[in-house]
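Here is the structure we will look at, set down as structure tokens.
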Amino acid sequence: MNFGKLFGICALASGIALAGCGNKPTQTTEAPAATDPTAQTIKVGVMAGPEQAVAEVAGKVAKEKYNLTVELVEFNDYALPNTAVSNGDLDANAMQHKPYLDEDTAKKGLDNLAIVGNTFVYPLAGYSKTIKNLSELKDGATVAVPNDPSNLARALILLEKQGLIKLKDNNNLLSTTLDIVENPKNLKIKEVDTAVAARAIDDVDLAVVNNNYAGQAGLNASEHGVFVEDKQSPYVNIIVARTDNKDSEAIQNFVKAYQTDEVEAEAKKQFKDGVVKGW
């Protein structure tokens, strides 16, 4: 299990660290009280792995430039961070793009979340252990795609751009496999849990994998991808807070700390230049 990390020497209030679906909150250790009255602390949800490492640098910048302590709360499940922000367990999160936010908030009835800044585009890519290019993909091959609604549509749109399928409407960011109207190679589209898509390459001919999980599996798009999402993708990741704190000094300073050259350099390091600055 991963626990939220504290940056700086300021006080850390009791918080939660959630990892994986259904895990119960765990209390962190209370630190000594801060002596600087100008110091502030916020909790920010991030996905464990390379994105968390990028957010650590944002936390360091926030401490150095704005005397803001950023406590990172790590997740292994995309289903949890928006609810945690909405109910006040977190002040913000940095782990998703707008299509996912729209789908997740509509499904859960979360009406108090607000986008406060952009981070990076983390492109999806197709990976395979059996082929080096798409010309080698055989008829009837099995292709794994993420099963959460926004990443499923994103993967299908990417497959269409490669000429493998045709969708009813490639502008529909919530397309499903039912929207495939042409499949000339009779591909078997297999939906798998987003978190395990990278491991699916052992069992399928081709897997479309989220960049974060690809990194955890030792894969990166520039070296291992059979094809990579276009850098003009609308799926830029965002920082999300609540409507009641979005304009606060702490949130705004965190956004400014994230949108810095130091953070961009760390993102390029973690993702082997496979990221696009979104601000």
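Based on DSSP H runs of at least 4 residues, each adding -39500 (n - 2.57), what is the mean residue ellipticity at 222 nm of the chain after dividing by all its residues, to the nearest 500 deg cm²/dmol? Walk me through the intermediate numbers first.
Values: 8 runs with 77 residues, N = 279.
Theoretical 222 nm ellipticity from helices: -8000 deg cm²/dmol.
Straight-line reach from Lys188: which aspartates and glutamates have Cα under 12 Å away, leaving out those fewer than 8 places along the same chain?
Within the straight-line cut-off, Lys188 pairs with Asp139, Asp205.
Go ahead and run the numbers for FRET between Asp261 and Lys129, Cβ-Cβ distance against an R0 of 45 Å, rounding to 0.05. Don't jump to the answer; show the numbers that get you there.
Working: r = 37 Å, r/R0 = 0.81.
Between Asp261 and Lys129 the formula returns 0.80.
Which lysines have a Cα lying under 26 Å from the Cα of Lys277, excluding residues fewer than 8 positions away in the same chain?
Those lysines meeting the cut-off are Lys5, Lys43, Lys60, Lys63, Lys65, Lys98, Lys161, Lys231, Lys246, Lys256, Lys268, Lys269.
Among Phe227, Ala84, Tyr66, pick out the residue whose Cα is farthest towards the positive end of the charge dipole of the chain, where Lys and Arg carry +1 and Asp and Glu carry -1 on C-beta, about the Cα centre.
Positive-end residue among those listed: Phe227.
Beyond 21 Å, how much of the Cα-Cα pair distribution for the stretch 125-228 remains, as a whole percent?
25 percent
What ranking do 271-278, 65-72, 109-116, 178-185 get when scored by the average of other Cβ atoms within 10 Å per residue, highest first?
Values: 271-278: 19.0, 65-72: 21.9, 109-116: 15.1, 178-185: 12.5.
Highest-to-lowest ranking by the protection proxy: 65-72, 271-278, 109-116, 178-185.
PRE reach from Lys161 (point 7 Å along Cα→Cβ): which of the stretch 106-135 fall under 15 Å by backbone N?
Taking a point 7 Å out along Cα→Cβ of Lys161, the residues of the stretch 106-135 whose backbone N falls under 15 Å are 121-127.
Take the Cβ-Cβ distance between Trp279 and Asp102 as r, set R0 to 30 Å, and report the resulting FRET efficiency rounded to the nearest 0.05. Walk me through the numbers on the way to the answer.
Numbers: r = 20 Å, r/R0 = 0.67.
FRET efficiency, Trp279 to Asp102: 0.90.
Work out the FRET efficiency for Glu64 and Asp193 from their Cβ-Cβ distance, taking R0 = 41 Å, and round it to the nearest 0.05. The partial results should precede the final answer.
Numbers: r = 38 Å, r/R0 = 0.93.
Given R0 = 41 Å and the Cβ-Cβ separation, E is 0.60.
The numbers here are math on the coordinates, done by the rules we state, and not lab data. These numbers come from a predicted model, not from an experiment. All Cβ positions, glycine included, derive from the backbone under ideal geometry; neighbour counts span all protein chains shown.
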